[in-house]
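The values are calculated or read from the model by the stated rules, or taken from the named source; none is laboratory data. What you see is a predicted model, and the numbers here were worked out from it, not measured in a lab. Heads up, the Cβs are rebuilt from the backbone with ideal geometry, glycines too, and the neighbour counts pull from every protein chain shown.
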Amino acid sequence: MISEYKKLMRKCIKLAEQGAGKVSPNPLVGCVIFDDDFNIISQGYHEQYGQNHAERNAILNAKHDLKGKNLIVNLEPCSHWGKTPPCADLIIEKGIKRIIVGMIDPNPKVSSKGIEKLKNAGIEVVSGILEEECKKLNKVFIKNQTEQKPYVTIKTATTLDGKIASHSYDSKWITDETSRNEVQKLRNFYDAILTSSQTVIKDNPSMTCRLKNGRNPVRIIIDTHLNTSENSKIYDNNSKIIIVTSDKTPKAKIKKFPSYIHFIKCSEINNYIDLNEMMSELYNNGIYSIMVEAGGRLNYSLVKNNLVDGLIQFIAPKIMADNNAINSFYGGHADKISDCYNLKVESTKFLKKDIMISGYFEK
Ligand SMILES: NC(=O)c1ccc[n+]([C@@H]2O[C@H](COP(=O)([O-])OP(=O)(O)OC[C@H]3O[C@@H](n4cnc5c(N)ncnc54)[C@H](OP(=O)(O)O)[C@@H]3O)[C@@H](O)[C@H]2O)c1
């Protein structure tokens, strides 16, 4: 029985993934309805923010009476009114007899209430099926709900010896086209890309999503003293742009920039933006997930401030061996190996020439 549930839960996860890039700040959810012989009767997923939840779509897609059937879903059904009515009520109304759930809703205000409502209506509830995979799928939603901060991943492209640019700031291209295409897919997933004034000045990147039917992420540039040129490529009008600058930056400097650019002002700590304050401000401005594409100094500052959840590193089979080249993380101090930041590797992928490693910071 449990192995059949696991198989169906994997299907829910696959369905849910189709909502990536479209449902933020909602969770990714997929749902399957099946009979006692495990024949699939119907399925659905949360397709677009503000629209039907996965359970409602699966129920609406069913062509037959659902009385006495089973429903499996990766996240506990909701029991409260949000943009749509509670899914638990519809499940009860349709006479479904058993619910299989991957994980409890991490929102402390609704957590376990959906399951409680279903149990009170006499429905059998089995929970915790493939819980770890379900949590991985909704890592952004969990961080948002529990910490009210964006989920942050650093992406770097390095040589085998950890360099991201030469001493003359040449960085095009460390990795090959296949790796760079993977980055385009990632840009489609995250709400926003975060970069630094230095990277804009040295590289003049666009940081758009060039996938067919892709979605351009919000582009966030940290520029404490507003040193970037208003003519930089990144300041085109292709997607929302946020510049994070010091609360001491003169108005006259800001006025030089096009009016479609949003400014967030933050305090300074030692002449740099207070990154903790910045993350809270970004969250309050609707940024729920961020991919950082910056140099070693900003990368390290974010890690030091405990603001980073994940790392995706593309490693090219090259060795730069230059003491003055730019490191992917720079500015720290480690006397001993035990001073290192530790990560848990989630996956490794061989691309055409390069390797892609994804992991989480151990907290
Ligand atoms: N291969 C890759 O994956 C990759 C990706 C991106 C960039 N790069 C390369 O990285 C190079 C730049 O690296 P970098 O190490 O010199 O610069 P960086 O880490 O990109 O940027 C450092 C700048 O960030 C700003 N900043 C604001 N608040 C900060 C804080 N709290 N802590 C630290 N920095 C803060 C500061 O500029 P302000 O004072 O102006 O705010 C600082 O000068 C470029 O040549 C680029 O090509 C490579």
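Key figures
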quantity	calculated
All positions within region 276-304 that are more than 9 Å from the ligand (Cβ to nearest atom), under 17 Å from Arg219 (Cα atoms) and touching a Cys at 6+ places or on another chain (Cβ under 7 Å)	Glu281
Residue in region 305-314 that is of a type in the set (Gly, Ala, Ser), in contact with a Lys or Arg (Cβ under 7 Å, 6 or more places away or on another chain), away from the ligand (no atom under 13 Å from the Cβ) and at pLDDT 95 or above present	no
Condition check for Leu71: in the same structural domain as Asn26 (by TED's automatic domain parsing) and part of a strand (DSSP E or B)	yes
Long-range neighbours under 9 Å by Cβ, at least six apart or interchain, first residue more than 27 Å from Glu177 (Cα to Cα) within region 313-336, second surrounded by 15 or more Cβ atoms within 10 Å (Cβ to Cβ)	Gly331/Gly296; Gly331/Arg297; Gly331/Tyr300; Gly331/Ser301; Gly332/Tyr300; Gly332/Val303; Gly332/Tyr341
Region 164-185 residues that are hydrophobic (A, V, I, L, M, F, W, C), paired with ones that are near the ligand (Cβ under 9 Å from one of its atoms) and part of a helix (DSSP H, G or I) (beta carbon under 8 Å, 6 or more apart)	Ile164/Gly296; Ala165/Lys202
Which listed residue is in contact with a strand residue (DSSP E or B) (Cβ under 8 Å, 6 or more places away or on another chain) and within 12 Å of the ligand (Cβ to nearest atom), from Ile264, Ile243	Ile243
Residue list for region 159-175, filter: in contact with a strand residue (DSSP E or B) (Cβ under 6 Å, 6 or more places away or on another chain), assigned to a loop (DSSP other than H, G, I, E, B) and near the ligand (Cβ under 6 Å from one of its atoms)	Ser171, Ile174
Tally, over region 63-90, of residues that are closer than 24 Å to Lys22 by Cβ and modelled with pLDDT of 95 or more	6
